[in-house]
1. Carbon-plus-sulfur fraction of the accessible area of region 6-55, 1.4 Å probe, in percent?
2. Rounded to the nearest 0.05, what FRET efficiency do Gln53 and Leu21 give with R0 = 22 Å and r taken as the Cβ-Cβ distance? Could you check?
3. Accessible area per residue for region 6-55 in Å², computed with a 1.4 Å probe and the full protein assembly in place, what is it?
4. For the chain, what does -39500 (n - 2.57) per DSSP helix run (n ≥ 4), summed and divided by total residues, give at 222 nm, in deg cm²/dmol to the nearest 500?
5. On average over all directions, what projected area in square nanometres does region 6-55 have, based on the convex hull of its Cα atoms?
6. Please state the relative contact order of the chain as a whole percent: Cα pairs under 8 Å, 6+ residues apart?
7. With +1 on each Lys and Arg Cβ and -1 on each Asp and Glu Cβ, and nothing else charged, work out how big the dipole of the chain is about its Cα centre, in Debye to the nearest 20.
Amino acid sequence: MTPPDPAAIEAEIERIRSLGLEDLRREWRRLYRSEAPRISRDLLVLALGYRLQEME
């Protein structure tokens, strides 16, 4: 098992930061396999960033 690549994770988080609200909700469905909650865009970005790190 290879260790997580911090640069790759950071690049993915930067990509998420650039997404619009609908794209963030789509990303949420991909990563959490459920509908996105009705929360602010900023909270979606934070939660998705957390999930990416959690998965590594």
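The values are calculated or read from the model by the stated rules, or taken from the named source; none is laboratory data. Not measured: the values here are computed from a predicted model. Glycine also receives a Cβ, built like all others from the backbone with ideal geometry; neighbour counts cover every protein chain displayed. The protein model used for the area step is the full one, side chains on, heavy atoms only, and it has no ligands, DNA or RNA in it. Shrake-Rupley method; radii C 1.70, N 1.55, O 1.52, S 1.80 Å.
1. Carbon and sulfur atoms account for 54 percent of the accessible area of region 6-55.
2. In this case the efficiency is close to 0.50.
3. Here the residues of region 6-55 average 68 Å² of exposed surface.
4. Result for the chain: -22000 deg cm²/dmol, rounded to the nearest 500.
5. Directional mean of the projected Cα hull area for region 6-55 stands at 3.1 nm².
6. Values: 29 pairs, mean separation 21.4, N = 56.
Over the chain, the number comes to 38 percent.
7. Numbers: 10 positive and 11 negative charges, 71 e Å.
For this selection, approximately 340 debye.
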